[in-house]
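**Q** The following block contains the structure, expressed as structure tokens.
The values are calculated or read from the model by the stated rules, or taken from the named source; none is laboratory data. Here the structure is a predicted model, which is why all the values come from computation and not from measurement. A quick note on method: Cβ atoms are made from the backbone with ideal geometry, for glycine too, and the neighbour counts reach across all protein chains shown.
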Amino acid sequence: MSEYTEAKLDGSKVIAQFVLGGNSTFTVVSKRTGSRLTFKVGFWEERNMYIVKVLTGPDNENDYRKLGKIKNGIFSLTDAARENGFTVETRSFSVFSWLLRNLQSEKIDDQIEIWHAGRCGRCGRKLTVPESIETGLGPECAEKGFGGF
């Protein structure tokens, strides 16, 4: 079996379930320009909100900076994001805002692709089952359902 587990996610429902699974890492790729941004979205249970980070350097494990939070379906900057120099006009903030709005309306533009990093969007374990690689969620996590926005 191939060790390659990264995969393109298709369909707004599959993408939303993965992105808001609670522990997702994914890349948004523009088909038009080829530009890409990589995000991590984690769920902070004590505060009932998601924390969104963006990759800002070459180290795929440690170069993530806080970009914002999703609370009650609304994406906004955090104080830490402002300290990191992010504003609502920052490209990464604009891209994630656009993605969230489109996921909420279930309309994903065919000019972008969403690629997951080969790990379950809920628990973070490496994906090995073909169906799980396709959806970005392991079999056990997929059965748990989706909290949504």
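**Q** Pull up the stretch 82-102, narrow it to residues that are over 16 Å from the mean Cα position of the chain (by Cα) and not basic (Lys, Arg), then point me to the one that is surrounded by the most Cβ atoms within 10 Å (Cβ to Cβ).
**A** The selected residue is Phe86.
**Q** Any idea which of Lys66, Lys8, Lys13, Lys40 is part of a helix (DSSP H, G or I) and either of a type outside the set (Val, Ile, Thr) or touching a Lys or Arg at 6+ places or on another chain (Cβ under 7 Å) (or both)?
**A** Result of the check over Lys66, Lys8, Lys13, Lys40: Lys13.
**Q** How many residues are assigned to a loop (DSSP other than H, G, I, E, B), crowded, with 16+ Cβ neighbours inside 10 Å and not aliphatic (A, V, I, L, M) when one looks only at the stretch 19-37?
**A** Residues that pass the stated criteria total 2.
**Q** Given the criteria at pLDDT 95 or above, under 24 Å from Glu134 (Cβ atoms), out of contact with any Gly (no Cβ under 7 Å at 6 or more places or on another chain) and surrounded by fewer than 20 Cβ atoms within 10 Å (Cβ to Cβ), does Lys40 qualify?
**A** Answer is yes for this residue.
**Q** Here is a further query. (1) in contact (Cβ under 8 Å) with a residue 60 or more places away in the chain; (2) surrounded by fewer than 16 Cβ atoms within 10 Å (Cβ to Cβ); (3) in contact with a helix residue (DSSP H, G or I) (Cβ under 9 Å, 6 or more places away or on another chain): which one isn't true of Ala16, the others all being true?
**A** The one condition Ala16 does not meet is (2).
**Q** Also, quick follow-up: Any idea how many residues of the stretch 62-76 are under 19 Å from Gln104 (Cα atoms), in contact with a Gly (Cβ under 6 Å, 6 or more places away or on another chain) and surrounded by fewer than 18 Cβ atoms within 10 Å (Cβ to Cβ)?
**A** Here the count works out to 1.
**Q** Could you tell me which residue of the stretch 78-108 is farthest from Arg47 (Cα to Cα), considering only residues that are among the aromatic types (Phe, Trp, Tyr) and out of contact with any helix residue (DSSP H, G or I) (no Cβ under 7 Å at 6 or more places or on another chain)?
**A** Only one residue fits best here, namely Trp98.
**Q** Keeping to the stretch 106-122, report how many residues are out of contact with any Asp or Glu (no Cβ under 8 Å at 6 or more places or on another chain), of a type outside the set (Val, Ile, Thr), in contact (Cβ under 8 Å) with a residue 40 or more places away in the chain and surrounded by fewer than 22 Cβ atoms within 10 Å (Cβ to Cβ).
**A** 6
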